[in-house]
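Visitor: Sharing a structure with you now.
None of the figures in this text is laboratory data; all of them are computed from the coordinates on show. What you see is a predicted model, and the numbers here were worked out from it, not measured in a lab. Cβ sites come from the backbone with ideal geometry, for glycine too, and all protein chains shown count toward neighbours.
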Amino acid sequence: METLYITHPECRLHEMGSWHPECPARLDAINDRLLASGLMGYLREREAVPARDEDILRVHGAGYLECLRGKAPADGYFPIDADTIMNPHTLSAAMAAAGAGIMAVDAVMNQECANAFCAVRPPGHHARPSQAMGFCFFNNVAVAMAHALETHGLHRVAVIDFDVHHGNGTEEMFGGDSRVLMCSFYQHPFFPNLRQDPPSDNMVNIPVDAYTKGDALRMLVSDVWMPRLRAFRPEFVFISAGFDAHREDDMGQLGMVEQDYAWITDQLVELADETAQGRIVSFLEGGYSLSALGRSAAVHIKSLAKL
C-alpha cells in the first residue's frame, strides 16, 4: 500500500503578512522537493475534506470556535496575538488542516493506504483548548487522535513531536489520559514555556539545551522514547513533524540534519509495524528555512513510504 499525501488549496491562501515565517511557500518547498526527487510519483495525493464542528469540539471549546468565527476578517488581517494572525482564508484553511488528519486516520484504518503525511497549514500543536497561539488555530494532531479514539474505538495511541518548540497544546489536551502516550524533545528555555509541572505520567517530554546536536537527540530517542513506546504498544502512531530543529533553521538553535529526521522516522515506522499494523499519520508543524524544510520533509516522507 502507498503513503497518502493530503493537502488542500485553502492551506496556501492563509497567510499572515509578507514578513511572517509561517508562509504559503512552506508547502511549495515540500511539494517542489518531492517532485524534484521523484518521490511524488510514489505517493497517492488526496485533497482534504474540511473538519466538521463536532470534530473540532472533541478537543476545543464551543465558545472558542465561535470566537474565531467572529474574529475572521472579511478582508485584511485580524491579529489574535503578535504572531498569530487571521486573514479571510484562515478559518477555512484551519478546518481543512484539521480535516486532513481525520481523512488520513479513516484511510489508514480502512486499509486504503499504509500511512499518511498531511501537508497542511496552519500548524496545530500549540493550539490550546480555548486559545490560538504560536501560529496555530486548531490542534490538528489532537483532532485526529480524538477521532481515532472515539470513532474507531482504539485504546492506545502515541503522539511523537520533534518540533523545536514544545507541543504545549497537545500536552494540555491529553495530559493524564491513559489512552495516550506523548513523546517529544524540544529546546528549553524557549517558546512557549507552558509545560505541565509536574508532568503527567503519560507525557515523556524532554527539554534539551540550545545547540544540542542530532547524535544526542538520537540517544534520547533510543534510550528514553523507544522503551516507553514499546511498553505502551500503541495501536496508532501520530507524528507532529516540525522541521525547525534543523541546524539551518533560524527559528531555533538545535542541530538536526536530514539524516536525523530519516533515522527517527525509521524508528517510528519500525514501532508502528511491531504494534500498530503500520498505522502512522504525520502532520506538518514547524520548519521555516525553506530549503531545509523541503529536504527534511522529503526524507521523512521517504522513510514513511519505505523507499
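Visitor: Can you work out ³J(HN,Hα) from phi for every residue in region 108-124, in order, using Karplus 6.51 cos²θ - 1.76 cosθ + 1.60 and θ = phi - 60°, giving whole Hz and x for Gly and Pro?
Guide: 5, 5, 8, 6, 7, 7, 6, 6, 8, 10, 9, 8, 10, 7, x, x, x
Visitor: Taking θ = phi - 60°, what integer Hz values does the Karplus form 6.51 cos²θ - 1.76 cosθ + 1.60 yield along region 62-78, in sequence order, with x for Gly and Pro?
Guide: Coupling constants for region 62-78: 4, x, 5, 4, 5, 4, 4, 4, x, 8, 4, x, 6, 7, x, 10, 10 Hz.
Visitor: Could you compute the net charge surrounding Met182? Neighbours are other residues with a C-beta less than 9 Å from the C-beta of Met182; K and R count +1, D and E count -1. Walk me through the numbers before you get to the answer.
Guide: On the way: positive: none; negative: Asp161, Glu171.
Result for the local shell: -2.
Visitor: Give, as a single signed number, the net charge of other residues whose beta carbon lies under 12 Å from the beta carbon of Ile239, with Lys and Arg counted +1 and Asp and Glu -1.
Guide: Values: positive: Arg279; negative: Asp161, Asp163, Glu285.
That sum, taken over residues with Cβ under 12 Å, equals -2.
Visitor: So for each of 291-297, 50-56 I average, over its residues, the number of other beta carbons within 10 Å; can you give me the resulting order with the highest mean first?
Guide: 291-297, 50-56
Visitor: Let me ask something else. For Asp201 paired with Gln259, estimate the spin-label separation in nm (one decimal), with each label point 7 Å from Cα along the Cα-to-Cβ line.
Guide: 4.0
Visitor: What is the sum of charges, Lys and Arg at +1 and Asp and Glu at -1, for the other residues whose Cβ falls under 11 Å from the Cβ of Asp53? Walk me through the numbers on the way to the answer.
Guide: On the way: positive: Arg52, Arg58, Arg69; negative: Glu54, Asp55, Glu66.
Here the count lands on 0.
Visitor: How would you rank 153-159, 41-47, 272-278, 1-7, highest first, on the average number of other Cβ atoms within 10 Å across their residues?
Guide: Numbers: 153-159: 19.4, 41-47: 14.9, 272-278: 17.9, 1-7: 21.1.
Going from most to least packed, we get 1-7, 153-159, 272-278, 41-47.
Visitor: Something else: Determine the percent antiparallel among the DSSP beta bridges restricted to region 3-304, to the nearest 5.
Guide: 10
Visitor: In whole Hz, with x marking every Gly and Pro, tabulate ³J(HN,Hα) for region 290-307 from phi via Karplus 6.51 cos²θ - 1.76 cosθ + 1.60, θ = phi - 60°.
Guide: 4, 5, 5, 4, x, 5, 6, 4, 5, 6, 4, 5, 4, 5, 4, 7, 6, 9
Visitor: Could you line up Cys23, Cys11, Cys67 from fewest to most neighbouring Cβ atoms inside 10 Å? Walk me through the numbers on the way to the answer.
Guide: Working: Cys23 19, Cys11 25, Cys67 15.
Going from sparsest to densest Cβ surroundings: Cys67, Cys23, Cys11.
Visitor: Right, something else. Which residue fluctuates most in the GNM of the chain (Cα springs below 10 Å): Gly63, Gly214, Gly255?
Guide: Gly63
Visitor: Mean 1/r over all different Cα pairs, inverted: what Kirkwood radius does the chain give, in Å? Walk me through the intermediate numbers first.
Guide: Values: mean 1/r = 0.0533 Å⁻¹.
It is 18.7 Å.
Visitor: To continue, here is another question. Of Phe185, Phe232, how do they rank once you tally other Cβ atoms within 10 Å and put the fewest first? If you can, show how the numbers build up before the last one.
Guide: Details: Phe185 26, Phe232 19.
So the ranking, lowest neighbour count to highest, is Phe232, Phe185.
Visitor: Per residue of the chain, what 222 nm ellipticity follows from adding -39500 (n - 2.57) for every DSSP H run with n ≥ 4, rounded to the nearest 500?
Guide: On the way: 11 runs with 117 residues, N = 307.
Calculated from helices alone, the mean residue ellipticity at 222 nm is -11500 deg cm²/dmol.
Visitor: Provide the FRET efficiency to the nearest 0.05 for the Ala74-Asn193 pair, computing r from the beta carbons and using R0 = 51 Å.
Guide: 0.90
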